[in-house]
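Here the structure is laid out as structure tokens; the discussion comes afterwards.
The values are calculated or read from the model by the stated rules, or taken from the named source; none is laboratory data. Keep in mind it's a predicted model, so treat the numbers as computed, not measured. Counting neighbours? That spans all protein chains shown, and the Cβs are built from the backbone with ideal geometry, glycine included. All accessible areas refer to the heavy atoms of the entire protein, side chains included, with ligands and DNA or RNA removed. Shrake-Rupley method; radii C 1.70, N 1.55, O 1.52, S 1.80 Å.
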Amino acid sequence: MDIIVAKEIITALADGINPITGEILPSECVCNNAEVVRAFYTVLRNIDPIVKKKEVSENAGKPWTKEDDELLKKMFKEGARKKDLQEHFKRSPGSINARLARLGLIDEKFNYWR
């Protein structure tokens, strides 16, 4: 997994958002526990120097909307280039690949679309 994608996931969890669905996590979820949230932010502070060395996309850490998912599916099935998807959605290559895998459009294990 790409460090930028990992940061996006941890950021969403720290903000109380399900990184896969974009929905707000239930208040009883362990990710909303104060100690867990502090742990997330401690990790995020410490990986920032690593992530800053890489190009961070404008939408890094933001949840995907249903509209984004539908448009990503459509563009991918129509043969859009990876660069075009990255530019349109303002997301990293790892984020695009992870979303395509979650949507069942590429094989997550082999990730042949890189």
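When the stretch 12-46 is examined, which residues are found to be out of contact with any helix residue (DSSP H, G or I) (no Cβ under 7 Å at 6 or more places or on another chain) and at positive phi?
Answer for the stretch 12-46, where residues must be out of contact with any helix residue (DSSP H, G or I) (no Cβ under 7 Å at 6 or more places or on another chain) and at positive phi: just 22.
Cβ-Cβ distance below 7 Å, separation of 6 or more or different chains: which pairs start in the stretch 87-106 with a residue that is within 10 Å of residue 69 (Cα to Cα) and end on one that is basic (Lys, Arg) and surrounded by fewer than 16 Cβ atoms within 10 Å (Cβ to Cβ)?
Final answer for the pair search is 103/73.
For the stretch 16-28, which positions are more than 19 Å from residue 96 (Cα to Cα), out of contact with any Gly (no Cβ under 8 Å at 6 or more places or on another chain) and surrounded by 13 or more Cβ atoms within 10 Å (Cβ to Cβ)?
Of everything in the stretch 16-28, just one residue is more than 19 Å from residue 96 (Cα to Cα), out of contact with any Gly (no Cβ under 8 Å at 6 or more places or on another chain) and surrounded by 13 or more Cβ atoms within 10 Å (Cβ to Cβ), namely 16.
Which condition number does residue 11 fail, the rest of (1) of a type in the set (Ser, Thr, Tyr); (2) open to solvent by less than 50 Å² (accessible area, probe 1.4 Å); (3) at pLDDT below 90 being met?
(3)
Go through the stretch 70-85 and give me each residue that's in a helix (DSSP H, G or I) and surrounded by fewer than 16 Cβ atoms within 10 Å (Cβ to Cβ). Let's see the steps before the verdict.
Of all residues in the stretch 70-85, those in a helix (DSSP H, G or I) come to 70-77, 82-85.
Matches in the stretch 70-85: 70, 71, 73, 74, 75, 77, 82, 83, 84.
Checking residue 45 against (1) part of a helix (DSSP H, G or I); (2) of a type outside the set (Gly, Ala, Ser); (3) within 29 Å of residue 107 (Cβ to Cβ); (4) open to solvent by 40 Å² or more (accessible area, probe 1.4 Å), only one condition comes out false. Which one?
(3) is the only condition that residue 45 fails.
Looking only at the stretch 58-69, count every residue that is open to solvent by less than 60 Å² (accessible area, probe 1.4 Å) and in a loop (DSSP other than H, G, I, E, B) and tell me the total.
Step one: filter the stretch 58-69 for residues open to solvent by less than 60 Å² (accessible area, probe 1.4 Å), giving 59-61, 63-65, 68-69.
Okay, now just the ones that are also in a loop (DSSP other than H, G, I, E, B), so 59-61, 63-65.
Looking only at that region, the number is 6.
Determine the pairs where a residue that is more than 13 Å from residue 100 (Cβ to Cβ), located within the stretch 60-84, has a partner that is among the acidic types (Asp, Glu) and surrounded by 11 or more Cβ atoms within 10 Å (Cβ to Cβ) with Cβ atoms under 6 Å apart, the partner being 6 or more residues away or on another chain.
60/8; 61/8
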